[in-house]
Amino acid sequence: MTSFDWLQVVIYLIVLIALVKPLGAYMAGIYEGQIAFLRPVENAFYRLAGIDSNREMNWKTYTVAVLLFNATGFLFLFLLLRVQHILPFNPQGMGAVPPLLAFNTAASFTSNTNWQAYGGETTMSYLAQMLGLGVQNFLSAATGMAVLIALIRGIAASPHFRSPENGGNEGGKLGNFYVDVTRTTLYILLPLALILALALVSQGVVQTFSEYRQTGLLQPSEASTTQTVALGPAASQIAIKQLGTNGGGFFNVNSAHPFENPTPLTNFLEMLAILLIPAALTYTYGKMVGDTRQGWAILAAMTIIFALMLGLGLWAEFQGNPHLTVLGIDQSTGNMEGKEARFGVANSVLWSVATTAASNGSVNSMHASYTPLGGLAPMWLIQLGEIIYGGVGSGLYGMLAFVIVAVFVAGLMVGRTPEYLGKKIEVFEMKMASLMILIPVLTVLLGTALAVSLEAGRSSALNPGAHGFSEILYAFSSAGNNNGSAFAGLNANTDFYNFALGIAMLIARYWLIIPVLAMAGSLAAKKKTPVSAGTLPTHTPLFVFWLIGVILIVGGLSFLPALALGPIVEALL
């Protein structure tokens, strides 16, 4: 690595951490009702939709609202994709999306996964991109943030946005899902997406309804003298795909495409947007529970693991590929296979680690072309459960499951009743936290086992042996943890993978949301116990490293055997 490579990485982390407090405080103010400059717009929407914003929900009602809201979005998107060929804003005359591909795509974008088994330029109309995929980019992100806020209210049991009228969380109430989604979209996602979209357009990211253009080739041949250049309203979707940790690219090659990511500045802004909200939510959490040290401690644990995986990826990729060295290809600048020359190794690896840490799924390089250990870093970050920053909302509520486990285990070790922020952690909370941790693990491992056992699964892998296994393992890791990035080298647009990965995405999203809200309801109904000499401090460096240890041990025990069959054995070979 050159000093310039190091400088880019350091500047990125400094800017990210510097924005945590101001954005986190702003979001806390929104959810606590202190910031409401668009209240007339809110109220007009509530009246139009028939929503009683004063109505509090317990965890069961909140869960039903989440599932019905998302099921409606899934059905709408599925139908839109099936009939896009007879709807307007389809200048290229795209046909109807096949049923299983439509199912996979609807499951993907509704669940905030944004796995793409299609090529955007050849499959989706402009209307499907905007009204279908773009809308779900907002709503799936808002859903994750709303579920997190419900869990925070359960932990804090403190006044929230209706506190002056109802006196707080009495009776295990968690707020109103529809109000939370509305405020998240109106005050956070829309303004940030508008700012980022304008910045991207200023750098050359396309935003147009024009038809595809024919242009001359720089090196024409007898077979062809022109090429078709895909266009479309891309900048608006790219902004929310990054800010909402969605990751679905407007074009097939995602953020490696020059119309999605044309300059070093767009590359920096899009990478920053990936982690911005997940990182800032840690401070929001600290503010809402009344102790910002708790949020900083969680952020520290996330950042340390992120730095470790980033270091592994950078080290592996800057070593170069020895097989290319044998062929006489210069590896002095690192392994450039599958990477954009304009981004280089450092920015490619930083993006790969950021996107897989954040449940984002966008890529500016092809992960299958990484060295075995370079590809292991993003894969393992996904397999940890998308909690190292993680998706907007979902990352932090996943991390809080590990916090609950860490507190519980620490309490058993010293012979005291486990408590977290004054709430006793008992059998029910541990069962819910265990489900949150184990469901993605089972989804990934069982899905991978099924795929490698069937010819329909094995035949899609481009490479044989360990690398082919890694392609399949990465696909189910991505779908089973709602990431959406692809290792590449796997033909995922088959009936088997469209159905299997679609089911994995739905399980990984909604079978986790239910135990999250169940735990929130249980905690909200509990009274706080005063801090005593036996209370475990959860904001100290000791607890940060204890939490890191629990995360790495669980991740290692869960996936080390599978990783040993893929990237680890490939590295040894």
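The values are calculated or read from the model by the stated rules, or taken from the named source; none is laboratory data. Keep in mind that this is a model prediction, so the values were computed, not measured. Note: ideal-geometry Cβ built from the backbone for every residue, glycine included; neighbour counts use all protein chains shown.
A search for C-beta distances below 6 Å between a residue of the range 119-132 that is closer than 13 Å to Leu231 by Cβ and in contact (Cβ under 8 Å) with a residue 40 or more places away in the chain and any residue that is of a type in the set (A, V, I, L, M) and in a helix (DSSP H, G or I), counting only pairs 6+ apart in sequence or on different chains, returns nothing.
Of everything listed in (1) among the hydrophobic types (A, V, I, L, M, F, W, C); (2) in a helix (DSSP H, G or I); (3) modelled with pLDDT under 95, the single unmet condition for Phe89 is (2). Within the range 227-253, the set of residues being closer than 16 Å to Ser485 by Cβ and surrounded by fewer than 24 Cβ atoms within 10 Å (Cβ to Cβ) comprises Phe251, Asn252, Val253.
Please determine whether any residue of the range 378-391 is under 22 Å from the mean Cα position of the chain (by Cα) and more than 23 Å from Tyr510 (Cα to Cα). Within the range 378-391, one or more residues are under 22 Å from the mean Cα position of the chain (by Cα) and more than 23 Å from Tyr510 (Cα to Cα). Of everything in the range 11-56 that is among the hydroxyl-bearing types (Ser, Thr, Tyr) and under 25 Å from Ala300 (Cβ atoms), the residue that is surrounded by the most Cβ atoms within 10 Å (Cβ to Cβ) is Tyr31. With respect to the conditions (1) in contact (Cβ under 8 Å) with a residue 40 or more places away in the chain; (2) under 23 Å from Pro567 (Cα atoms); (3) part of a helix (DSSP H, G or I); (4) over 10 Å from the mean Cα position of the chain (by Cα), Ser348 falls short on a single one, namely (1).
The helices (runs of 4 or more DSSP H) found entirely in the range 457-573 that carry 1 or more residues being under 22 Å from the mean Cα position of the chain (by Cα) and either free of Cβ contacts under 8 Å to residues at least 40 places away in the same chain or within 20 Å of Gly361 (Cα to Cα) (or both) are 465-480, 495-524, 541-563. Scanning the range 300-321 for residues that are touching a Gly at 6+ places or on another chain (Cβ under 9 Å) and either of a type outside the set (S, T, N, Q) or under 17 Å from Leu23 (Cα atoms) (or both) turns up Met302, Leu312, Gly313, Leu314, Trp315, Ala316, Glu317, Phe318, Gly320.
Residue-level check: of (1) under 22 Å from the mean Cα position of the chain (by Cα); (2) more than 22 Å from Gly244 (Cβ to Cβ); (3) in a loop (DSSP other than H, G, I, E, B); (4) not acidic (Asp, Glu), Asn114 misses just (2). Among the residues of the range 268-288, are any at pLDDT below 95 and in contact with a Leu (Cβ under 6 Å, 6 or more places away or on another chain)? Scanning the range 268-288 turns up no residue that is at pLDDT below 95 and in contact with a Leu (Cβ under 6 Å, 6 or more places away or on another chain). On the stretch given as the range 421-456, residues that are within 27 Å of Pro372 (Cα to Cα), in contact (Cβ under 8 Å) with a residue 40 or more places away in the chain, of a type outside the set (Gly, Ala, Ser) and in a helix (DSSP H, G or I) total 9. Exactly one residue out of Val20, Val66 is closer than 26 Å to Asp291 by Cβ, within 21 Å of the chain's Cα centre (by Cα) and of a type in the set (A, V, I, L, M, F, W, C), and it is Val20.
To keep it simple, each residue is scored yes or no on (1) closer than 30 Å to Ala346 by Cα; (2) at pLDDT 95 or above.
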| position | (1), (2) |
| --- | --- |
| Ile14 | yes, yes |
| Tyr26 | no, yes |
| Ala36 | no, no |
| Ala44 | no, no |
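Annotation for the range 398-417: no member residue is outside any helix (DSSP H, G or I) and modelled with pLDDT of 90 or more.
Checking each residue in the range 235-251 for being within 20 Å of Ser478 (Cα to Cα), part of a helix (DSSP H, G or I) and of a type outside the set (Lys, Arg) picks out Ile238, Ile240, Gln242, Leu243.
Set side by side, the residues Asn90, Asn112 differ, and just one is crowded, with 19+ Cβ neighbours inside 10 Å, in contact with a Ser or Thr (Cβ under 7 Å, 6 or more places away or on another chain) and touching a residue at least 12 places away in the same chain (Cβ under 8 Å), which is Asn112.
In the range 58-78, of all residues being over 20 Å from Asn112 (Cβ atoms), out of contact with any Leu (no Cβ under 6 Å at 6 or more places or on another chain) and of a type outside the set (Ser, Thr, Tyr), the one that is surrounded by the most Cβ atoms within 10 Å (Cβ to Cβ) corresponds to Asn58. Gln8 falls short on exactly one of the conditions (1) within 15 Å of Leu186 (Cα to Cα); (2) surrounded by 11 or more Cβ atoms within 10 Å (Cβ to Cβ), and that condition is (1). Across the range 267-277, not a single residue is classified as under 20 Å from Leu547 (Cα atoms), in contact with a helix residue (DSSP H, G or I) (Cβ under 8 Å, 6 or more places away or on another chain), in contact (Cβ under 8 Å) with a residue 40 or more places away in the chain and crowded, with 24+ Cβ neighbours inside 10 Å. How many residues, within the range 535-556, are in contact with a Gly (Cβ under 9 Å, 6 or more places away or on another chain) and of a type in the set (Gly, Ala, Ser)? Residues meeting the conditions: 1. With respect to the stated conditions, Trp296 fails to be out of contact with any helix residue (DSSP H, G or I) (no Cβ under 7 Å at 6 or more places or on another chain), of a type in the set (A, V, I, L, M, F, W, C) and either part of a helix (DSSP H, G or I) or under 23 Å from Lys21 (Cβ atoms) (or both).
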